[in-house]
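Asks: First the structure, then my questions, so here it is.
The values are calculated or read from the model by the stated rules, or taken from the named source; none is laboratory data. This one's a predicted model, so the numbers in the text were calculated from it and none came from an experiment. Here the Cβ positions follow ideal geometry from the backbone for every residue, glycine too, while neighbour counts run over all protein chains shown. Keep in mind that these areas ignore ligands, DNA and RNA; they rest on the heavy atoms of the full protein, side chains included. Shrake-Rupley method; radii C 1.70, N 1.55, O 1.52, S 1.80 Å.
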Amino acid sequence: MTKKRAITVAKGDGIGPEIMDATLKILDQAGARIDPEFIDIGEQVYLQGYTSGITDEAWESLRRTKVFLKAPITTPQGGGFKSLNVTIRTTLGLYANVRPNISYEQFIQTKHPNMDLVIIRENEEDLYTGIEHQQTNEVTQSLKLITRPGSEKIIRHAFEYARKNNRKKVTCFSKDNIMKITDGLFHKVFDEVAEEYPDIETEHWIIDIGIAKIADTPEHFDVIVMPNLYGDIASDVASQISGSVGMAGSANIGDQCAMFEAIHGSAPDIAGQGIANPSGLIQGALMMLVHIGQPEVAEKIHNAWLKTLEDGIYTGDVAKGGASVNTQEFAEAVIERLGEKP
Ligand code: ATP
Ligand code: MG
């Protein structure tokens, strides 16, 4: 039995504490070798005067453990508050956003029964560098930054991900018919890196028709890699049409640190009622377990989670007239099925 891995955990706002407690209970019962350190982030921290929603002690924990399991937070209304996600991403150098989008047609209604794709979005460059100018009263300008090292890093990440996860194809999205220099560089680096992975099929789509293709025939795709802004848009389209926004997790990966979370927000409308679906955060936690070298625990939980859905046990958000349980009961159902297969 290896030593427990220290991880940093934030319970967040809204439904955050409810889904985090459920997730941690499942991890514990499945035998995950983790030692959580809890930090406060989010609404209360913003209101105490930290404009980024995070304290110095929290940074200290993150820098030490380098692994962050994060529940959703609420950014208070009104100006002056910086997005905590952007701050964490840039401070910890989390250059890759990895988002699997799977439709669970056996359990959840979807127009796309065979969807199983992963979007790998560059997370540091492109139009997100925040370099904007007001040239005159009537003219504004924003700088799109695409670098060779940045592109190479994310594209290599996509191919390595494909290899590790037994995926067959990597697709590149860009708009290099218009942005010949910036997107042209991204596409060129893609073609270069692709040559090092002859075992993996590759293709390139122009972003607009590529996203249309996702919306229409998502089963065409496997792993898709793209610059920051396109990734933002494509991942929301993909998660929406999979029919399971409450079921998806995401990973933000850097050279040193990594952050794992659900893709949904803090859902203040249902907070405190104990009815939220913990599945998105569970998916994030499974990606974390693989990242820290405990894939066998991840697989055990994943099987139990699938078996739970197969047995018709859903939270209210996905139940289509079937049996509906609350957050706690859902977690217990998963725990009861640990060791079973779907
Ligand atoms: P944010 O601005 O924080 O991203 P949002 O406006 O995108 O938030 P969410 O918080 O993601 O919205 O919620 C959108 C809707 O989905 C709400 O009605 C919410 O109740 C529901 N929802 C989100 N997550 C869950 C969940 N885990 N279980 C059940 N319902 C959820
Ligand atoms: Mg949102």
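Asks: Using a 1.4 angstrom probe on the protein heavy atoms only, could you order 183, 28, 232 from most to least accessible area?
Replies: 28, 232, 183
Asks: Express in nm, to one decimal, how much length is gained between residue 215 and residue 156 on full extension, taking 0.36 nm for each residue of separation and deducting their alpha carbon distance.
Replies: Full extension from residue 215 to residue 156 adds 18.7 nm.
Asks: Work through the residues other than residue 73 whose Cβ is under 9 Å from its Cβ and net out their charges, Lys, Arg +1 and Asp, Glu -1.
Replies: Once all neighbours under 9 Å are counted, the net charge is -1.
Asks: Can you work out ³J(HN,Hα) from phi for every residue in the stretch 192-206, in order, using Karplus 6.51 cos²θ - 1.76 cosθ + 1.60 and θ = phi - 60°, giving whole Hz and x for Gly and Pro?
Replies: 5, 5, 4, 4, 7, 10, x, 6, 10, 6, 9, 7, 10, 10, 5
Asks: While we're looking at this one, here's another question. Between residue 142 and residue 37, 0.36 nm times their residue separation minus their Cα-Cα distance comes to what?
Replies: Extending this stretch completely gives an extra 33.8 nm.
Asks: Next question. Within the chain, what's the longest stretch lacking trypsin sites (Lys or Arg not before Pro) that sit in DSSP loops with no more than 14 other Cβ atoms inside 10 Å?
Replies: Details: sites that count: 3, 4, 82, 111, 168, 180, 320.
Between exposed loop sites, the widest span is 181-319.
Asks: Set the bar at 24 Å for Cα to Cα. Now go through 70/111; 4/25; 25/153; 144/168; 111/300; 82/175 and name every pair that lies beyond it.
Replies: Exceeds cut-off: 70/111; 25/153; 144/168; 111/300; 82/175.
Asks: Next up: Counting other Cβ atoms within 10 Å of each Cβ, which GluC sites (Glu not before Pro) in the stretch 90-173 have at most 12 and sit in a DSSP loop?
Replies: The qualifying sites are 138.
Asks: Report, by chain and number, residues whose modeled amide H sits under 5 Å from the one on residue 5, excluding near sequence neighbours (fewer than 5 apart, same chain).
Replies: The list, which skips near neighbours in sequence, is 34, 35.
Asks: Same structure again: Just add up the charged neighbours of residue 267: K/R +1, D/E -1, any other residue whose Cβ is under 13 Å from the Cβ of residue 267.
Replies: After counting each charged neighbour, the total is -4.
Asks: Still on this structure, please answer the following. Heavy atoms only, probe 1.4 angstrom, no DNA, RNA or ligands counted: give me 305, 59 ranked by accessible area, highest first.
Replies: Largest accessible area first, the list is 59, 305.
Asks: Now for a different question. From zero up to wherever the largest Cα-Cα distance of the chain sits, split into 20 Å bins and tell me the percent of pairs in each.
Replies: 30, 59, 11, 0
Asks: With every protein chain kept in the model, how would you rank 189, 86 by accessible area, 1.4 Å probe, largest at the top?
Replies: Sorted by accessible area, descending: 86, 189.
Asks: According to the Kirkwood expression over distinct Cα-Cα pairs, how big is the hydrodynamic radius of the stretch 206-342, in Å?
Replies: When all Cα pairs of the stretch 206-342 are included, the Kirkwood radius is 16.5 Å.
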